[in-house]
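Novice: Sending over a structure as C-alpha cells; questions will come in a sec.
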C-alpha cells in the first residue's frame, strides 16, 4: 500500500487505521507537508507502516513513485496507491485488488462513473474536468473502455512497474502517464466500481491549469504510444492506415489552406485545385478514422505479467 501524503494531518491517522490487516506493508510518503502530517505519521503505532519524507515537494506523482520504489524493495507483488486524504474507501480494497491478484488484469483502477448516486456527490467543476480530460486520456493511452482514467485509486502488478522504461510523470499528470506507459506495454487494465468520498479535504489540483497543461502532454503521450505499439513492438494494418492516412490528410489540409490564402478575395478557383485539396483530406480522414476503430478494437485484454505465485 502506497499513501502519498501532503497536508493530510486531519485524515492520515484514520486512513492508516482503516487499512485491512491483510495488507503487508503501508508506505506513507510525506511530500514536504507544511502542516503536522510528519508528526502525525510519526505517532502512528502500526508495525506495517514505513514513513518516507521528501525534503522538497514533488507532487502526488513524485510521492507515489517514491512509494512504488519502496514497495518493490519490500518485495510486493501487487502495489496499491491510495491518497492519504480519506477520499478513497479502504473497505473496497479487496474488490480493487481481486482482478489483479486472480490474474485477470495487470492493472485495476477505481471507476467513479459506475455509481450514478455516488457520482452526484462529485463537485460539478471536478465532474466537468474529469469528463473532458477522461476522453483525452483514453485516446492517448488506448484504453477506450476505461471510464475514469484519472482516478487515483489503483492496484498494479509489481512486475508491470518493472517493465516501464521511461520515468513516470510527477505532479497531477501521474495517473495519465501511468496509463500511457501501461498502454505502451499492452497491459490489461480493468475498471472496478469505486465511488469516491468527498468531505472537507482540499484538492490542490487546478482545473484550469489541467485543462491548459494536460492536452499537450497527452498529445506527446499519444504519439509515444502509437510509435511504440504500432511501429516498434508490432506492425499491423493499423500501422499502414496511420502511415498513409496522416500524410494524405495533412497534404490536403496544407495545400487547401495555401490555395485559399492565395485566392482570397477572388471569385474563381479551378476544380482541379479543389480536388487536389479535398480528395487527400477526405481519403486521409477515412483512413485515420478506420485506424481509430481498429485501435479501439485492439484495447489490451490479456495480462502481460505472469500469474502470482499460489500457495501449495
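Novice: Pick from the stretch 88-108 the residues that are outside any loop (DSSP other than H, G, I, E, B) and in contact with a helix residue (DSSP H, G or I) (Cβ under 6 Å, 6 or more places away or on another chain): which of them is farthest from residue 179 (Cα to Cα)?
Specialist: First, pick out the residues of the stretch 88-108 that are outside any loop (DSSP other than H, G, I, E, B): 90-101, 107-108.
When the remaining residues are screened for being in contact with a helix residue (DSSP H, G or I) (Cβ under 6 Å, 6 or more places away or on another chain), the result is 90, 107-108.
Details: 90: 22, 107: 9, 108: 11 Å.
Restricting to residues being outside any loop (DSSP other than H, G, I, E, B) and in contact with a helix residue (DSSP H, G or I) (Cβ under 6 Å, 6 or more places away or on another chain), the top hit is 90.
Novice: Right, another one. Could you tell me which of the residues 24, 85, 45, 35 is part of a loop (DSSP other than H, G, I, E, B), over 18 Å from residue 168 (Cα atoms) and free of Cβ contacts under 8 Å to residues at least 24 places away in the same chain?
Specialist: Details: 24 fails: free of Cβ contacts under 8 Å to residues at least 24 places away in the same chain; 85 fails: free of Cβ contacts under 8 Å to residues at least 24 places away in the same chain; 35 fails: free of Cβ contacts under 8 Å to residues at least 24 places away in the same chain.
Just one listed residue meets the conditions, 45.
Novice: Okay, next question. Could you tell me which numbered condition residue 158 fails, if it satisfies all but one of (1) at pLDDT 90 or above; (2) surrounded by fewer than 20 Cβ atoms within 10 Å (Cβ to Cβ); (3) out of contact with any helix residue (DSSP H, G or I) (no Cβ under 6 Å at 6 or more places or on another chain)?
Specialist: Unmet condition: (3).
Novice: Can you find a residue that is part of a helix (DSSP H, G or I), closer than 18 Å to residue 300 by Cβ and at pLDDT 75 or above anywhere in the stretch 140-154?
Specialist: Narrowing the stretch 140-154 to residues part of a helix (DSSP H, G or I): 140-141.
When the remaining residues are screened for being closer than 18 Å to residue 300 by Cβ, the result is 140-141.
So of that shortlist, the ones also at pLDDT 75 or above come out as 140-141.
Among the residues of the stretch 140-154, at least one is part of a helix (DSSP H, G or I), closer than 18 Å to residue 300 by Cβ and at pLDDT 75 or above, which makes the answer yes.
Novice: So, one more: Given (1) surrounded by fewer than 17 Cβ atoms within 10 Å (Cβ to Cβ); (2) modelled with pLDDT of 95 or more, identify the lone condition not met by residue 70.
Specialist: Result: residue 70 passes all but (1).
The values are calculated or read from the model by the stated rules, or taken from the named source; none is laboratory data. Being a predicted model, the structure only gives us computed values, none of them experimental. Neighbour counts run over all protein chains shown; Cβ positions are idealised from the backbone, glycine included.
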